[in-house]
Structure formats: C-alpha cells, structure tokens
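The values are calculated or read from the model by the stated rules, or taken from the named source; none is laboratory data. Predicted, not measured: the structure shown is a model, and the values here were computed from it. Cβ coordinates were reconstructed from backbone atoms using ideal geometry, including for glycine residues, and neighbour counts include every protein chain displayed. Accessible surface areas use protein heavy atoms only, side chains included; no ligands, DNA or RNA. Shrake-Rupley method; radii C 1.70, N 1.55, O 1.52, S 1.80 Å.
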Amino acid sequence: MTDVNSNPETGGEEPSRRDFLYIASVGAVGVGGALTLWPFIDQMNPAADTLALSTTEVNLSALEEGAEITVMFRERPHFVRRRTAQEISEAAEVEVSRLPDQLARNANLEDSAPATDANRSTLSAGVDEGVEVDEALRSAMLVTSANCTHLGCVPTEGAGDYDAWFCPCHGSHYDTAGRIRRGPAPENLPIPPMTFISATTLRLG
Amino acid sequence: MSGPSTYEPKTGVERWLDQRLPIVRLGWDSFVDFPTPRNLNYWYTFGGILTVCLMIQIVTGIVLAMHYVPHIDYAFASVERIDRDVNFGWLLRNIHANGASMFFLAVYLHMLRGLYYGSYKAPRELLWILGVVIYLLMMAAAFLGYVLPWGQMSYWGAMVITNLFGALPLIGTPITEWLWGGFSVGNATLNRFFSLHYLIPFLIAGIVGLHVWALHVPGNNNPTGLSIKTKADTLPFHPYYTVKDGFAIIVFMIIFAFFVFYWPDALGHADNYIEANALVTPAHIVPEWYLLPFYAILRAVPDKLGGVILMFGAIGVLFILPWLDTSKVRSMRYRPLGRWFFVFFVIACLGLGWCGAELPDNKVPVLGAIGLNFLWLGRILTLYYFAYFLVILPLLGFIEKPTQRPASIEESVLGKGKSDASASAAPAE
Ligand code: HEM
Ligand code: FES
C-alpha cells in the first residue's frame, strides 16, 4: 500500500486532496451499495395486492350462544365466538392484576388499555353511523386471532384449564376472553380492528 | 498443496492444458498424490460420503423441480403426482426425501468424529468453522425443503419456526412478515422457500470447496491426533484412501437403498400426507428427526425469547469451540477423563432427540416413577450439552493428565522397532 500522506506537498502530516477523493469515493460506493441493496430486501415484504386483501365481513345472526366459527382475515384464522353468560362472568370476575398479560392487545383500543373483559369483547368495536347493535350481543361476542401467541399453532376449542382454548403445541391455556393464563405463550390472543356495519354484521379490518 | 507438486504431464495435450489451466495438477495433488496419515479409520470416510450425499440431493432435486409446482393450491397435488404418475417419480422423491436423512446421519457422525479426535483444534480451526457453516446451511436447506410438499407438518413446521423470530423485541413482527411476505405463512412464503431451497445446496457446494481447501493446507488429522512428522507417517491418497472411501460409500449406499426401497416413510411423519390446513394444527407437531435435539432445547426454557436464544446458542457454541478446549492433546484416545465426558455428550444428544420427540408433560419411562417428565429430562440434558462446551472442556485441559502417546503416527500403526518399514509395503489399515 502506498501511504498517500507521504507526498512532498504535505510531508505526511496534513491530509491531502487525494485522501479526500479516496474517502469521498469509498463513501459514495458504500451509500450507493446500501441503496441498491434495499429493493432486494424490501421485495420480500408483503406486496401491494396482499396488503389490499384486508377486510372480512362476518355475519353474526347465525351464531347461537356458545357457538364458535373460525374465519380467515389477513391470511390468518380468527375465532368468532358468541359466549354464554357463564363464560362472560367467569372472564369478567378475574382481577386484571392477576393476569400474566395485563394489556388488552386490542387494535381498536390504545396500546395501554387493560385486559378487562369489556376491553376484549366487541364492546370495543366501532359502530357505523346509524347502526344500532344490541348491547348483550356486543358483550357476548369475542373475536380474536386463532394463532397462539407462542409459535402460532391454532388452539383447540373447549379445552384446557379454563374450558376455553388450549394450545396443544407447547401447552398454553387461554381463558374465555382469549387471555393467556398459563403456559409459554407471552401475550393474550390479539383482537383485530373491527366495526359493526349492521346490527348483525361485523367487519374485520 | 502441502509440499511441491509431483504432477508430471505426460502427453502434449496435458502439457498444453497444464500451462494454461493447471486443473489436472490441482486434482492430482489433492486426490491422487496427497500425503494422508496412514492410520485413518472408517470414521474418516464420512467426508467422501457427504460429498456423494450432496451430489445426490442436487441431482434428484433438480429433476424433482421439473415436476414440482411452488403454489399453495398445487404443491401438495404436484408432489402426489410425482409419487404416482411421473415416471420413476416415486424413486426420485424417495431418494431425495431419505437422502436428506442420510445426509444428516453422515454429518452427525462426521462431526462427532471431529469432536472425538480433536480435529477442531489448531491448526484446523477454520476448517471446523467452515464445517459448522455447512451444517447451518444444511439445516436451512432441509427445513425449507420440508415445507415444499405443503403437508400439515410442512405448514405447521414453517409456522412454528418462522414465529421464533417473532420473539425478538421490537423487530419481531416486521421480521416475520418480511419472511412470510404476508400476514402469515402463505403462498408468498412457499414460493420464496422454493427459490431459497434451490439456492442453498449450491452455496453449500461452494463452502465445501473452501472446506477441502482448508483441509489440504494442514492435511488430515488422524485418530492419534499427532501431527505428520515424516513421510513414513503418510500414504498417498490414491489408491489407499480412494479404495477405502469407495468401500465405505458402497456400504452407506446399501443402507440408503434399504430405506429408499423398503422403508421409505420410516423417517418421515404420516401427518405430512395430509394437505396443509391453516385452521387445524396437528395434535403433536414434531420436526424431522435430525432437528429434534434443538427442538428439545427450545422447549427447555419457559420463556419464548430465552428458548430461541438457547437454541441458536447450541450451534453458536460450536463456532468458538476451538478456543474453548484448553487441552494440549488433540485425540480423546489419550484423554482418560475427556473420553468419558465425550461419551456422556453423545448420550445427551441422543437423549435430547428423544425429549424433542415426546410431549413435554409425558413421564420418562422408569424414571417417571420419581416424577421425571420429558421437560425436565430435556432441561438436565440441555444443561449438560452447554456445560460440556463451556465448563468441562475449558477446565479439563488444566485438570486432566493425558496418557502416554506413541512417538509418531507410524509407530502407532507398525509398533516400535518396525518403523523403518517402507510406506509402500504396508496396507492402509
Ligand atoms: C443440501 C441439499 C438438500 C437437502 C438437505 C434437501 C432436503 C429436502 C427435503 C427434506 C425435502 C422434503 C422431502 C419430502 O418430505 O418430500 C425436499 C424437497 C424438495 N427439494 Fe430438496 N434438498 C436439497 C437439495 C435440493 C436441490 C439442489 C433442489 C433443486 C434444485 C431441491 C429440490 C426440491 C424439491 C423440488 C422438493 C419438493 C418435492 C418433494 O417434496 O419431494 N432440493 N428437499
Ligand atoms: S404454539 Fe401454542 S403453546 Fe407453543
């Protein structure tokens, strides 16, 4: 390597014009290289058409008390459950301070909202203008992601310590409000953005 | 490579080529006249076997890719079609699917050989590290390949493994969505997994080239762990080791063929013959057998991020192993304590594999009587796995008194006094 500093002009002390040119070109190549890399990385993110497929409408009129269906929303299964009065009261009685995850994990609420039963049910859902929804239906309905917050398996309905959802993969127990109670899953089942667009139709997304 | 080249081009054509591209010389010096320790046993044949495995995977994979369709609506059906309708498709798929298992069987024996004879120690640290890189890439290739048939295990395996990255704080969700190309494992995921599954074996082939290059600088280690001192310690690679490797490859192929022709689904999982269904998780998800020990380590920790860190740490620790082992002696043959810790290490790895296959809450046979379940057995064995590398090997170098080693490789084979016997008079064993 030639020492670019040791030219007669600078005597090896002061940085020369050549140093400046070296640093500037290496810098430009570095920045340019990083910019070129970005399209190759970003192409792997969800594409525009994937992002566009993002609402699902659920008809609740056919759901009887204690019935549950699974719908697909943004490529993921979601539980839609009309809970019985007993299931609601069991979930409502638990003190939030006793829960492993005390946050509602509800896209309709602020991030800091506590995991009360009301904050988990569709009482938290938006309601379109002019639409009237029965209060009892709103507090009975629970819509959550069906992918366990541990590693994504679909929990089994009506099983586990709380007769609600039990994930067979590594043994996570969820309660009747879809909140994690025991096992390796770190968070409550997340609740998607949702709005009542009629008295019995809920739109996800 | 070590020492001056002995290649002499005989014909005009060979001379012409040698002056322009000395490729024949490279082959000659690497695989014909390469000086090899005269005492290599059959544990040293797995390198050759692994090369054959890689070639088999590439050749069968390329032809499978001519019939396979990487789309969630067609992938499962296209693999069934390969099995039923494509001419000899059943054979090619059975070779490829079982080939992955055979590849791992060979790589595990190859790695344990290296651990036992201290082949990771100076001057072979880089050789070992390149090997660990190959092993990591193999795991990636096998995981991605297992997703392609788009059965239930494919889908849920992909789900569980990609969700591991969700454990990372802050960047967890962006990273998983970036890996998926969507909000969950879906078509975009399958499509890119196919692309990467096609790519990785060629990366492996490239690194194998570096691995062999790094091998041919210091030369082979050997069961005594002694360095080569004189020419009498060595034999030319050809015919001694070409024949020995060839024989081992044939025996290995017989075992391989037994699985392909008589027991093709033994190492797979029946649930993978059910098409992927995003709504139903199989009651018991397990990875392929060769990844079970890592699955057990993952589950040993109750915390999601902790489990992930520990699992990657189990491989990460292999990278620094050359600097963890403080013993002056390479081979466990002359390490009276190290040898036993090694035996327990092998048992721990097998035990972890067993734990990975069982449900964590199930009781261990016999030991279940004292309340031991597979979760706790997994925890104990995980502890030993890490202790072996991080505590035992570093300390043992100071505590252990190695036994008497032979003066040279030659002496270890021919005994004292006979060491004037000429190299060519002695057979390979
Ligand atoms: C390091 C080498 C490789 C390993 C360890 C490997 C491993 C695997 C595994 C475990 C499967 C799933 C087999 C099954 O259950 O059906 C698979 C499938 C597949 N692989 Fe590979 N593979 C390798 C190289 C390749 C190459 C080089 C290609 C293509 C160029 C390829 C193409 C395929 C295709 C098309 C499938 C789907 C068909 C099937 O499932 O049989 N593989 N691979
Ligand atoms: S994925 Fe549900 S407990 Fe692990």
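Residues of the stretch A:120-157 that are of a type outside the set (S, T, N, Q), open to solvent by 50 Å² or more (accessible area, probe 1.4 Å) and outside any helix (DSSP H, G or I): A:Val127, A:Asp128, A:Glu129, A:Gly130, A:Glu132, A:Asp134, A:Glu157. A single entry from A:Ser97, A:Ser145, A:Ser61 fulfils the requirement of being assigned by TED's automatic domain parsing to the domain that holds A:Glu187, over 28 Å from B:Met159 (Cα atoms) and in contact (Cβ under 8 Å) with a residue 40 or more places away in the chain: A:Ser61.
Of the residues A:Leu204, A:Leu151, which is within 14 Å of chain B (Cβ to nearest Cβ), under 22 Å from B:Asn277 (Cβ atoms), within 16 Å of ligand 2 (Cβ to nearest atom) and within 19 Å of the chain's Cα centre (by Cα)? Talk me through it step by step, then tell me what you get.
Values: A:Leu204 fails: within 16 Å of ligand 2 (Cβ to nearest atom).
From the options A:Leu204, A:Leu151, the qualifying one is A:Leu151.
Here is a check on your reading of the model: is A:Leu109 under 30 Å from B:Ile285 (Cα atoms) and either more than 14 Å from chain B (Cβ to nearest Cβ) or surrounded by fewer than 20 Cβ atoms within 10 Å (Cβ to Cβ) (or both)? No: the conditions fail for A:Leu109. Within the stretch A:158-173, the set of residues being without any contact (Cβ under 8 Å) to a residue 60 or more places away in the chain and in a loop (DSSP other than H, G, I, E, B) comprises A:Gly160, A:Asp161, A:Asp163, A:Pro168, A:Cys169, A:His170, A:Gly171.
When you check B:Cys355 against the structure, is it at negative phi and within 14 Å of chain A (Cβ to nearest Cβ), yes or no?
On the way: at negative phi: yes; within 14 Å of chain A (Cβ to nearest Cβ): yes.
Yes.
Can you tell me which residue within the stretch B:223-232, out of those that are in contact (Cβ under 8 Å) with a residue 60 or more places away in the chain and either open to solvent by 40 Å² or more (accessible area, probe 1.4 Å) or not assigned by TED's automatic domain parsing to the domain that holds B:Gly48 (or both), is farthest from ligand 1 (Cβ to nearest atom)?
Taking the candidates together, the pick is B:Thr230.
Return the residue satisfying two criteria in turn: it lies in the stretch A:69-99 and is more than 17 Å from A:Glu157 (Cα to Cα) and in contact with a strand residue (DSSP E or B) (Cβ under 6 Å, 6 or more places away or on another chain), and of such residues it is least open to solvent (accessible area, probe 1.4 Å). Per the stated criteria, the residue is A:Phe73. Residues that are surrounded by 17 or more Cβ atoms within 10 Å (Cβ to Cβ) and at pLDDT 90 or above were ranked within the stretch A:49-62; the one that is nearest to A:Ala146 (Cα to Cα) is A:Val58.
Looking only at the stretch B:390-407, residues that are open to solvent by less than 70 Å² (accessible area, probe 1.4 Å), within 11 Å of B:Leu324 (Cβ to Cβ) and among the β-branched types (Val, Ile, Thr) come to 1 in all. Among the criteria (1) small (Gly, Ala, Ser); (2) touching a helix residue (DSSP H, G or I) at 6+ places or on another chain (Cβ under 7 Å); (3) part of a loop (DSSP other than H, G, I, E, B), the one A:Ser54 does not fulfil is (2). Note on the stretch A:36-48: residues that are open to solvent by 90 Å² or more (accessible area, probe 1.4 Å) and not in a helix (DSSP H, G or I) amount to 1.
Per-residue answers, yes or no, for (1) touching a Leu at 6+ places or on another chain (Cβ under 6 Å); (2) surrounded by 20 or more Cβ atoms within 10 Å (Cβ to Cβ); (3) among the polar types (S, T, N, Q):
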site	(1), (2), (3)
B:Ile161	no, yes, no
B:Pro169	no, no, no
B:Ile175	no, no, no
B:Ser184	no, yes, yes
B:Leu190	no, yes, no
B:Asn221	no, yes, yes
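Applying the criterion of at least 3 residues that are surrounded by fewer than 20 Cβ atoms within 10 Å (Cβ to Cβ) to the helices (runs of 4 or more DSSP H) found wholly in the stretch B:292-389 leaves B:304-324, B:336-357, B:374-387.
Residue by residue, here is whether (1) touching a residue at least 24 places away in the same chain (Cβ under 8 Å); (2) within 9 Å of ligand 1 (Cβ to nearest atom) holds:
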{"residue": "B:Val52", "(1), (2)": "yes, no"}
{"residue": "B:Ile62", "(1), (2)": "no, yes"}
{"residue": "B:Phe76", "(1), (2)": "yes, no"}
{"residue": "B:Val79", "(1), (2)": "yes, yes"}
{"residue": "B:Asn87", "(1), (2)": "no, no"}
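Would a scan of the stretch A:192-201 turn up a residue that is within 16 Å of ligand 2 (Cβ to nearest atom) and either assigned by TED's automatic domain parsing to the domain that holds A:Val96 or crowded, with 24+ Cβ neighbours inside 10 Å (or both)? No, the stretch A:192-201 contains no residue that is within 16 Å of ligand 2 (Cβ to nearest atom) and either assigned by TED's automatic domain parsing to the domain that holds A:Val96 or crowded, with 24+ Cβ neighbours inside 10 Å (or both).
Here B:Val329 qualifies as touching a Gly at 6+ places or on another chain (Cβ under 8 Å), more than 14 Å from chain A (Cβ to nearest Cβ) and more than 16 Å from ligand 2 (Cβ to nearest atom). What's the total number of residues in the stretch B:192-219 that are under 18 Å from the mean Cα position of the chain (by Cα), farther than 16 Å from B:Leu50 by Cα and crowded, with 20+ Cβ neighbours inside 10 Å? Residues flagged as under 18 Å from the mean Cα position of the chain (by Cα), farther than 16 Å from B:Leu50 by Cα and crowded, with 20+ Cβ neighbours inside 10 Å within the stretch B:192-219 amount to 1. Here are some residues: B:Ala283, B:Ala276, B:Ala270. Which one is within 14 Å of another protein chain (Cβ to nearest Cβ), open to solvent by 20 Å² or more (accessible area, probe 1.4 Å) and away from ligand 2 (no atom under 16 Å from the Cβ)? After ruling out the rest, the residue left standing is B:Ala276.
Looking at A:Thr176, A:Thr195, can you tell me which residue is assigned to a strand (DSSP E or B), more than 16 Å from ligand 1 (Cβ to nearest atom) and more than 14 Å from chain B (Cβ to nearest Cβ)? Quick ask: steps written out before the conclusion?
Values: A:Thr176 fails: assigned to a strand (DSSP E or B).
Just a single option satisfies the conditions, and that option is A:Thr195.
Within the stretch A:156-201, the set of residues being of a type in the set (S, T, N, Q) and within 19 Å of the chain's Cα centre (by Cα) comprises A:Ser172, A:Asn188, A:Thr195. The set of residues from the stretch A:158-173 being open to solvent by 30 Å² or more (accessible area, probe 1.4 Å) and away from every other protein chain (no Cβ under 14 Å) comprises A:Gly158, A:Tyr162, A:Asp163.
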